[in-house]
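The values are calculated or read from the model by the stated rules, or taken from the named source; none is laboratory data. Everything numeric in this text was worked out from a predicted model, so none of it was measured. Cβ placement follows ideal geometry from the backbone for every residue including glycine, while neighbour counts extend to all protein chains displayed. What goes into the accessible areas is simple: the full protein's heavy atoms, side chains included, and nothing from ligands, DNA or RNA. Shrake-Rupley method; radii C 1.70, N 1.55, O 1.52, S 1.80 Å.
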Amino acid sequence: MFKAAIIGAGAISSLHLQALAEMNEIEAVAIADIDEERARKASAQHPVRAYADYRRMVEIERPDIVVITLPHHLHKECAIWCARSGCHILLEKPMAIDVEACDEIIKTVGESRIKLMVGHTQHYFAENRIAKEIIQSGRLGKLVMINDVRHVDYYSPNRPAWFFESAKSGGGIAMNLGSHSIDKIQWLTDSRIVQVKASVSHYGAKGDIEGSVTAWVQTDRGVPCTISQSGYGGVNRDETEFVFTEGMLKLSTGAGLWIGQSGEYRSVEASQEAPPFVLQYRDLLSSIRTDVNPECSGEYSRSVVAAVQAIYASHRSGQEVVVLHQR
Ligand SMILES: NC(=O)c1ccc[n+]([C@@H]2O[C@H](COP(=O)([O-])OP(=O)(O)OC[C@H]3O[C@@H](n4cnc5c(N)ncnc54)[C@H](O)[C@@H]3O)[C@@H](O)[C@H]2O)c1
């Protein structure tokens, strides 16, 4: 049985605790939050011990796995400390606030005998997995373009304040939700985004982050894509459209998948064999047991952060930006 400890008792930690409660091979033993009241609250709902200091928790509990669910600017320092302490790591997305921080994490992980997986949850939704199979099968012909649209009320009062401070979050909607879109495009088409031309806006009522992004990106397989996201409210939308020479695919992660041919869309059956977070932990355990890096390795997850940074660089310069990756 693997022992897991959670670092950060905020919103997403409850999904991790729920997933861990469903698993036989891994058990959550402790949770730490600088706001100890939050850790205690989680401890009242799940059989985990509460700590205020994650270093003390790791030293006392000696977990096999830590799950880092901290604000983005703390990912680097915490992941490096945990890797040096010999814990396998599930690090929430985005990997860090810039590629330099990703590189430091990758270097430390390489020097440690641990596995690092970044929580790119898109890989564990049934619709997304089936979409990937269909894309790979070639049954809809050649992939011509991808259009990804995501609209949410990013400025909702429920969102913690650090998300609106770029020094802590690394950016706004493009960093936080754009990283899901970039991951989706790259993973579903087994490619990397290599060219970016983008524009962002800063009309939000709080903070110094961008509230929208409009980007044209191209993959190293030559597929042009658009990413369009608004956090200013209105009507929520989460849709990725894949246009092929012989049909279309419409993907709404967590909601459905449709094949479009002959003038209409028909739904594709997609049954979720287990909750996405459970599948994510299964993948991590498989990586630890086989000593093979997971799909969402540090190197892969760095490529997502590199593409987000290229969006910001393109907005600042007004020019197209080439993204350099380490494969
Ligand atoms: N995979 C997904 O779909 C998904 C969804 C939501 C959030 N996330 C990611 O999860 C991470 C956390 O997001 P969240 O929404 O839970 O944020 P949150 O603000 O709700 O939680 C972060 C917690 O970390 C705690 N914290 C801050 N500094 C700390 C420290 N030094 N030591 C211990 N605890 C500390 C805060 O008190 C807070 O409780 C982010 O990386 C976010 O992008 C991923």
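Summary of values
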{"item": "Residue check for D291: outside the structural domain of T219 (by TED's automatic domain parsing) and in contact with a Pro (Cβ under 6 Å, 6 or more places away or on another chain)", "result": "no"}
{"item": "First in the range 107-126 and closer than 16 Å to A270 by Cβ, second anywhere and open to solvent by 10 Å² or more (accessible area, probe 1.4 Å) and at pLDDT below 95, Cβ under 8 Å, 6 or more apart", "result": "Q122/T253; F125/T253; F125/G254; F125/Q272; A126/A270; A126/S271; A126/Q272; A126/E273"}
{"item": "Complete set of residues in the range 16-49 that are farther than 17 Å from P71 by Cβ, open to solvent by 30 Å² or more (accessible area, probe 1.4 Å) and in contact (Cβ under 8 Å) with a residue 24 or more places away in the chain", "result": "Q18, A21, E22, E25, E27, K41, Q45, H46"}
{"item": "Hits in the range 163-179 (condition: more than 15 Å from T214 (Cα to Cα), within 11 Å of the ligand (Cβ to nearest atom) and part of a loop (DSSP other than H, G, I, E, B))", "result": "G170"}
{"item": "Criterion (of a type outside the set (D, E, K, R), within 25 Å of L74 (Cβ to Cβ) and not assigned by TED's automatic domain parsing to the domain that holds A96) met by exactly one of S191, S199, S169", "result": "S169"}
{"item": "Every residue from the range 76-91 that is surrounded by fewer than 21 Cβ atoms within 10 Å (Cβ to Cβ) and not in a helix (DSSP H, G or I)", "result": "S85, G86"}
{"item": "Identity of the residue in the range 144-162, open to solvent by 30 Å² or more (accessible area, probe 1.4 Å) and not in a loop (DSSP other than H, G, I, E, B), that ends up farthest from the ligand (Cβ to nearest atom)", "result": "V144"}
{"item": "Unique match (being modelled with pLDDT of 95 or more and in contact with a His (Cβ under 8 Å, 6 or more places away or on another chain)) among V304, V308, V278", "result": "V304"}
{"item": "Members of the range 12-40 found to be near the ligand (Cβ under 10 Å from one of its atoms) and among the charged types (D, E, K, R), listed by number", "result": "D33, D35, E36, E37, R38"}
{"item": "Within the range 18-74, considering residues that are among the hydroxyl-bearing types (S, T, Y) and assigned to a helix (DSSP H, G or I), the one farthest from H120 (Cα to Cα)", "result": "S43"}
{"item": "Number of positions in the range 244-259 that are in contact (Cβ under 8 Å) with a residue 60 or more places away in the chain and crowded, with 18+ Cβ neighbours inside 10 Å", "result": "6"}
{"item": "Those residues of the range 1-11 which are within 9 Å of the ligand (Cβ to nearest atom), among the hydrophobic types (A, V, I, L, M, F, W, C) and crowded, with 16+ Cβ neighbours inside 10 Å, in sequence order", "result": "I7, A9"}
{"item": "Flag if G254 is modelled with pLDDT under 95, on the phi > 0 side of the Ramachandran plot and not aliphatic (A, V, I, L, M)", "result": "yes"}
{"item": "Given (1) assigned to a loop (DSSP other than H, G, I, E, B); (2) touching a helix residue (DSSP H, G or I) at 6+ places or on another chain (Cβ under 6 Å); (3) open to solvent by less than 10 Å² (accessible area, probe 1.4 Å), number of the condition I97 does not satisfy", "result": "(3)"}
{"item": "Residue identified as crowded, with 20+ Cβ neighbours inside 10 Å, away from the ligand (no atom under 12 Å from the Cβ) and farther than 17 Å from T240 by Cβ among I209, I193, I182, I227", "result": "I209"}
